[in-house]
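Structure record follows, encoded as structure tokens.
The values are calculated or read from the model by the stated rules, or taken from the named source; none is laboratory data. Owing to the predicted nature of the structure, the values given are computational and were not obtained by experimental measurement. FYI the Cβ positions are ideal-geometry reconstructions off the backbone, even for glycines, and counts take in every protein chain you see.
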């Protein structure tokens, strides 16, 4: 047990701050500030992954955190929490975590905040009114992450997570997510673009939560409770289960094809599908479409 | 300095209290001064399981409030040398004791006992946080049911976040015959998801109900298979290498209950076009 309510941990070159979940938020803020002050600029330039545990944070709380990080030259990179957080909608997360936040000046920051609030309101209504809908598709108002329009053509950033997500734990990230570990039943991973799971996917994965229909979900062992891509949602497809028996499961990929989510062997032995994860860039989008059949 | 071990599970009714009582008594029988602490304030029942119900005078809330000393509140077991119990209050609610109270009580008990076994209430609210506050080690109890495993997984996640590093698993109420038929999750199915070290497996045993009703611990019943398993687990806690008799729980390849369940959920009436 450590007596500090905030633990600093290096994670793949980023800095993970784990907030003690018993401590009141105001005290955490004070503590963080004191700790950063005494660190004498040591953490300057680092990207921060914030682990908030099961606590509920308001948008104002997140703003306060972001302000402190900005003051010490650090950037807010990702948020890792647990449980359905009713107070923060993924939309506001995406806005807060969007890559442009770090280098923005004070002025534009206030714009962002008001924008975040706008998006927050929007999530309660229909966010994607025009998206096409497959037969099995259902609208996904809850986990939809709205990302800045400008981001669509920027190369998506990738968050690497080395841990197993347990029931109730959620990772939200606006770019791609690579997770080395399992996603257990009841856990959820939400990415703006692609998701790669080097392990078993037994919980829920939402790729392309910003509405990206080209997003895919890769897993070594695909046995999810639900898959969501863009505004499509599906349960585990049938053929998948035969492969999922025991430890002989083969890697599979889920993507949208003809308006529904399909899952197939990965890599396919047909003409190889380019790994969108690596190739996504401004011009690759169109060429990305798998051209089988 | 003693060891504080909290027994928790998330889900209710999986056998936390039975485990706490039997492990405490086994440790005491092995010559370790042991106290079992009931933190399920408002729904106390460790005293009943241990057969000490009619001797409760003060409880942990009285101690937390400073009204009585620990020595006044704890109850000495008549039959087992070195076994004590600190009862929970039946009339108060879980907020009557704070995390700091528990840390203080834990530290004090640690000075006086070799083992402090804390029986955690179900759920992940205040009572859970109290129960784990002082713990050096945690034992997560689950049954081989999807719902219990899901809750155990949630709890393990919370414990990891609370920087509890020593986590061990007990799988309770396993029915070997059902596992063999592929109707129950096997030990392998459970540990694959929970991925913490397995301390022991306790087979399902009807005699436990009889034991609980009479306040007679299962470990004293030579015919109880569960009692035997608890004794084995206690020996492992004491650092002994105990090899379980040929694992009754071996998974039948490909016929695991998880696969059956998957077929049940996804195979039968899936209208999905994919």
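It is to be established whether one or more residues within the stretch B:167-180 are out of contact with any strand residue (DSSP E or B) (no Cβ under 9 Å at 6 or more places or on another chain) and within 26 Å of residue A:55 (Cβ to Cβ).
As a first pass, look at the stretch B:167-180 and keep what is out of contact with any strand residue (DSSP E or B) (no Cβ under 9 Å at 6 or more places or on another chain): B:177-180.
Adding the requirement that they be within 26 Å of residue A:55 (Cβ to Cβ) leaves none.
Looking for residues that are out of contact with any strand residue (DSSP E or B) (no Cβ under 9 Å at 6 or more places or on another chain) and within 26 Å of residue A:55 (Cβ to Cβ), one finds none in the stretch B:167-180, hence no.
Checking each residue in the stretch B:66-78 for being in contact with a helix residue (DSSP H, G or I) (Cβ under 8 Å, 6 or more places away or on another chain), touching a residue at least 12 places away in the same chain (Cβ under 8 Å) and assigned to a loop (DSSP other than H, G, I, E, B) picks out only B:77. Scanning the stretch B:99-113 for residues that are without any contact (Cβ under 8 Å) to a residue 40 or more places away in the chain, touching a helix residue (DSSP H, G or I) at 6+ places or on another chain (Cβ under 7 Å) and within 14 Å of chain A (Cβ to nearest Cβ) turns up B:99, B:101, B:103.
Tell me yes or no: at least one residue of the stretch B:167-181 is within 14 Å of chain A (Cβ to nearest Cβ), at pLDDT 95 or above, more than 30 Å from residue A:258 (Cβ to Cβ) and not in a helix (DSSP H, G or I). Yes - at least one qualifying residue is present in the stretch B:167-181.
When you go through A:206, A:236, A:272 one by one, which is the residue that is at pLDDT below 90 and buried (at least 18 other Cβ atoms within 10 Å of the Cβ)? Even if it seems obvious, please write down each step before you answer.
On the way: A:206 fails: at pLDDT below 90; A:272 fails: buried (at least 18 other Cβ atoms within 10 Å of the Cβ).
Of the residues listed, the single one that is at pLDDT below 90 and buried (at least 18 other Cβ atoms within 10 Å of the Cβ) is A:236.
Of all positions in the stretch B:148-156, none carries a residue that is surrounded by fewer than 24 Cβ atoms within 10 Å (Cβ to Cβ), more than 9 Å from chain A (Cβ to nearest Cβ) and in contact with a strand residue (DSSP E or B) (Cβ under 9 Å, 6 or more places away or on another chain). Taken over the stretch B:6-55, the residue count meeting the criterion of being assigned to a loop (DSSP other than H, G, I, E, B) and out of contact with any strand residue (DSSP E or B) (no Cβ under 7 Å at 6 or more places or on another chain) is 12.
For the stretch A:161-213, the candidate set comprises residues that are more than 14 Å from chain B (Cβ to nearest Cβ) and on the phi > 0 side of the Ramachandran plot; within that set, the residue that is farthest from the chain's Cα centre (by Cα) is A:211. I'd like to verify a number: residues in the stretch B:151-167 that are within 18 Å of residue A:163 (Cα to Cα) and touching a residue at least 24 places away in the same chain (Cβ under 8 Å), how many? Count: 11. Of the residues in the stretch B:252-274, not one is away from chain A (no Cβ under 14 Å), buried (at least 19 other Cβ atoms within 10 Å of the Cβ) and modelled with pLDDT under 95.
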